[in-house]
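The values are calculated or read from the model by the stated rules, or taken from the named source; none is laboratory data. Keep in mind the model is a prediction, meaning the values are calculated, not measured. Cβ placement follows ideal geometry from the backbone for every residue including glycine, while neighbour counts extend to all protein chains displayed. These accessible areas exclude ligands, DNA and RNA; they are computed on the full protein's heavy atoms, side chains included. Shrake-Rupley method; radii C 1.70, N 1.55, O 1.52, S 1.80 Å.
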Amino acid sequence: MRRRFADGEMQGTGPTRVVRLAPWVALGVSAALAAAAVALGLSGSGGTDLVIFLTIAFLGLVFGATGALVASRMPGNLVGWIFCALALLFQSSGLADAYVGYGGGSGVSLPAQHWVAWVSQWFLNVSSPTLIILCFLLFPAGRLPSARWRPLVWVAAGVAAVCAASAALAPGTLPDYPFENPVGIESAGVLRTLAEASLLTLIGPLMFV
């Protein structure tokens, strides 16, 4: 019985094995996204953005490998999982940029590029600052130093929500892409002003704090 218990402990139960395997699956997905971004970017831009695509891919893989090591060995530490999420965001952002920029000025384009730009604008670019702030707050133990830091988490989440709503609904050209917002609402223009003010006045101090 002891031997069976020891063997079970060494092999791990089903849920535990899945939890420990998940970070490596995330790393594999990140690597696949990076490869797709580099291949698509090079074929669509003639190699002019090689340094950019490779830099994004490298940073994503560094975050992904670090996150996989931490999360697989210490599943209860949220820092490892945040690093895995950052890796996926980096690589998704790189793939979105390569997809949107495919063809350049040659007139060749891929389907739904404006929708890919829209999703990238409001989701990928808004999530990263929030996750970075959480990394600083939760490092190294994977939890807040004390309950007094909870308001900072709520402020960071609030800023992220305002920025996401602005990028998703504000009318006009998307800040990072040469497309008009496909779901822009004229009455939501005030969101962009509020989001820009939030970014200028809160994101930097939040990261510093």
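Per residue, how much accessible surface does the chain expose to a 1.4 Å probe? Answer in Å², no decimals. Display every interim value, and only then the final one.
Numbers: 11960 Å² over 209 residues.
Dividing the accessible area of the chain by its residue count gives 57 Å².
Stretched out fully, how many nm does the piece from ALA22 to VAL190 gain, at 0.36 nm a residue minus the Cα gap? Could the numbers behind the result be given before it?
On the way: separation 168, 0.36 × 168 = 60.48 nm, distance 4.07 nm.
Full-extension gain reported as 56.4 nm.
Among GLY67, GLN113, MET207, whose Cα lies farthest out toward the positive end of the dipole of the chain, if unit charges sit on the beta carbon of Lys, Arg (+1) and Asp, Glu (-1)?
GLY67
Mean shadow of the chain, computed from the convex hull of its alpha carbons, in nm²?
Working: hull surface 59.4 nm².
That works out to 14.9 nm².
Say each of TRP149 and THR201 gets a label point 7 Å from the Cα, pointing the same way as Cα to Cβ; how far apart are those two points in nm?
Result: 2.6 nm between the two label points.
Gap in Å between the Cα centre of segment 125-160 and the Cα centre of segment 17-46?
26 Å
Find which of ILE185, VAL126, ALA147 sits farthest along the positive direction of the dipole of the chain, computed with +1 on the beta-carbon of Lys and Arg, -1 on that of Asp and Glu, about the Cα centre.
Looking along the dipole axis, the top candidate is ALA147.
Counting only complete DSSP H runs, which helices of the chain cover 24 Å or more along their long axis at the Cα atoms and score a mean Kyte-Doolittle of 1.0 or above? Mind dumping the intermediate values first?
Values: long enough: 14-45 (45 Å, 1.20); 50-73 (34 Å, 2.01); 78-100 (32 Å, 1.55); 150-169 (28 Å, 1.66).
Helices passing the filter in the chain: 14-45, 50-73, 78-100, 150-169.
Using a 1.4 Å probe on the protein chains only, how many percent of the accessible area of the chain belongs to carbon and sulfur? Intermediate results must be reported in sequence, preceding the final value.
Working: 8560 of 11960 Å².
Solvent-exposed carbon and sulfur of the chain make up 72 percent of the total.
Counting only helical runs of four or more DSSP H residues, what would the 222 nm mean residue ellipticity of the chain come to if each run contributes -39,500 (n - 2.57) and the total is spread over all its residues? It would help to have the intermediate numbers written out before the result.
Numbers: 9 runs with 145 residues, N = 209.
Rounded to the nearest 500, it is -23000 deg cm²/dmol.
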